[in-house]
Every structure is written in structure tokens, then in C-alpha cells.
Amino acid sequence: MVCAVSFNRYGRLYYLDPGAFEPKVGDKLLVPTDDGPEVAECVWAAQWVSDETGGLPTVAGLADEPALERDATVRRRKAEAKMAAKKLIREHDLPMKIVGVDYLPERSRATIYFSAPHRVDFRSLVRDLGAPLKCRVELRQLAARDSARVQGGIGSCGRDLCCATFLKDFEPVSIRMAKDQDMPLNPLRISGACGRLMCCLKYEHPLYQEFAATAPAVGAEVSTPEGEGRVVGHSVPRDAVVVRLNDGGRRCVCSKASVCGSRQEYEGSPASDGPVGG
């Protein structure tokens, strides 16, 4: 059995073992964390799945009234810390942007996450924040990708950001992946909300590599069911190539399996040298 919860609306999903409970969508659950049980909302009711689910954290229980009151207090204190930090940042004229806030009432500690174009000396800001918040304050600078993960948002595909929902680790993404997928090398087209190359370029790259290894290259002379021609493009999602026919210059899209290389290429290959034997 598996269920999914979120600590913030439209935030990242966390998968749990419901244990002895049967949570429904909208239920408030106690979720084990490094700092103790926290309240989260069930967004995917408990159900059976065929995949192995061993090792998932187990739901600690349904949130009772004291837990809900604590959660309301934490959310209020987070909002107060965020407003106070923004006000003091303007007064100190610092190039910082508040990304998120964590607050632990048991430890009387607030952690404020921010992004900035470079390293910032925020020591005076920390001192000034302690008085209005009446707790110990820590400031932590986040990288661009981590900032997008914390804030969330909508990608160019129209869906919630991968990093804010299901993506756990950031894998290296290079401009070569965009070139291999014939993507326009316009930064506005291939960059995510974080300003870095989109993580989804990594998802389909192995498919494009496999296609390029087996399909005729652009410019190659080939034979198709509609006649001889030259490859002028690839259509990887359809596992096909675009061919301009020699007869009239018409273009056609043929599946990769139906396209044969030229007779000259075949005759020049080792397989055409005749049978091997003694």
C-alpha cells in the first residue's frame, strides 16, 4: 500500500506506507521527519501498487487537534519571518530574494532560505532579525536549481516543475543533449524556471542516441518504398526519417525500418564480400 502527501499545496509529493491507516484525499497526516512528526495533506489515497515499496516511511498517524494547532502556529510564524526578512533586506539594500522559511517551535529556531547572484554578507541582517522574531535565526543561500525546487512553479510544458514534485536528484544536463535532440539553442527555449538547462532534456536523450546509432544520417542516399531519395531529417518520436525523393523532389516520412541504404554502401560493407569458408 502507498499514499502520497504534500506539505504545501502544489508542492513536492512524498510517498509513504500508510501502515495501519487508510488515509483519504484531504486527510491531515503526521509524517515522520528528521525534526519530528509534521502535518501534511494526503493528495493520493492509499492504494495497492504492483511495484516494490519496501523502505518507504510509515505514516505516524492522523493529525489530532494539538498537531493541527501546532501546524497553524508554525505556518503563521513562517509568514511573520518572511515579512520581517523582506523588510530588513530592503533596509539593508541587500541583493537577496527570500525563497522559503522553516520554523521549529521546540527549538525556537527559524531558517530562512534565499537566493542571490553572488555571496552576500548577511551578518548584520541576522542580528537585526533576531529581535522581531524572538528566536535564533539562520540564513542559508540556495543555488538556482534548489531555489526553483523550494518555490515550485509551472514549466514550459504546462505541468508542475519536475524538481518540485518528483525529481529527487539533479543529474548533469549539457548543451550537447539539446543539440542531439535538434532543439533550438535559444536560452529562452531550453532553460527552465531556474535559468539553467531544463532537466527534462536528460529524459529522452538516450532515445535520441539510440536512434542516431541505427538510422541513416542526414544527407545519406537511401531507398524507400516510394523510391530513391536523400535523408533530409529525422523524426525520433515517430521512429522515422524524412526523405526527399529524387523523382520530383517530393518529401515523405518513412519508418526507419522501411528505409534501406544505397547499393554502393551495401557493396562496400564487409557483409558483401561473399561467404567466408574454407
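No lab work stands behind these numbers, since they all come straight from the coordinates. Small disclaimer: the values here were computed from a predicted structure and weren't measured. Every residue, glycine as well, gets a Cβ built from its backbone with ideal geometry; the counts of neighbours run over all protein chains shown.
Longest span of the chain, sites excluded, free of GluC sites (Glu not before Pro) in DSSP loop with at most 13 other C-beta atoms within 10 Å? Kindly include the intermediate steps, with their values, before the conclusion.
Numbers: sites that count: 52, 106, 226.
That gives 107-225 as the longest site-free run.
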> Once the range 75-217 is represented by equal point scatterers at the alpha-carbon sites, with solvent omitted, what log10 I(q)/I(0) does the Debye formula produce at q = 0.18 Å⁻¹?
Replying inline: -1.02
> Using θ = phi - 60° and the Karplus form 6.51 cos²θ - 1.76 cosθ + 1.60, what ³J(HN,Hα) does each residue of the range 223-240 get, whole Hz, x for Gly and Pro?
Replying inline: 10, 10, x, 9, x, 6, x, 10, 6, 10, x, 10, 10, 4, x, 9, 6, 9
>> Just to be sure I understand: if I project the alpha-carbon convex hull of the chain onto a plane and average over all orientations, what area do I get in nm²?
In response: 24.3 nm²
> Whose amide H sits under 5 Å from the amide H of residue 61, counting only residues 5 or more places off or on another chain, with H placed in the peptide plane?
Replying inline: 30
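Got the relative contact order for the range 143-186 handy, in percent, Cα pairs under 8 Å and 6 or more residues apart?
The normalised contact order for the range 143-186 reaches 23 percent.
Direction-averaged shadow area of the convex hull around the Cα atoms of the range 22-159, nm²?
11.2 nm²
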>> I need to check one value: relative contact order of the chain, counting alpha carbon pairs closer than 8 Å and at least 6 residues apart, in percent.
In response: 9 percent
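Given Cα positions, please report Rg to Rh for the range 208-263, the hydrodynamic radius being the Kirkwood one. Don't jump to the answer; show the numbers that get you there.
On the way: Rg = 10.1 Å, Rh = 10.9 Å.
Taking Rg over the Kirkwood Rh, I get 0.93.
Which pairs in the list 28/97; 87/168; 97/179; 78/134; 28/82 are over 23 Å apart, alpha-carbon to alpha-carbon?
Details: 28/97 31 Å; 87/168 33 Å; 97/179 33 Å; 78/134 13 Å; 28/82 25 Å.
Result: 28/97; 87/168; 97/179; 28/82 exceed 23 Å.
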> Taking square-rooted eigenvalues a ≥ b ≥ c of the alpha carbon gyration tensor, is the range 1-91 rounded, prolate or oblate, where a/c under 1.5 means rounded and, failing that, a/b exceeding b/c means prolate?
Replying inline: prolate
> Under the Karplus relation 6.51 cos²θ - 1.76 cosθ + 1.60, θ = phi - 60°, what is the ordered set of whole-Hz ³J(HN,Hα) values for the range 163-175, x standing for Gly and Pro?
Replying inline: 5, 8, 10, 10, 6, 8, 10, 8, 9, x, 10, 10, 5
> So what's the angle, to the nearest 10 degrees on a 0 to 90 scale, between helix 65-92 and the longest Cα principal axis of the chain?
Replying inline: 80 degrees
>> Please give me, ordered by residue number, the trypsin sites (Lys or Arg not before Pro) of the range 1-110 that lie in loop per DSSP and have at most 12 other Cβ atoms within 10 Å.
In response: 9, 24, 107
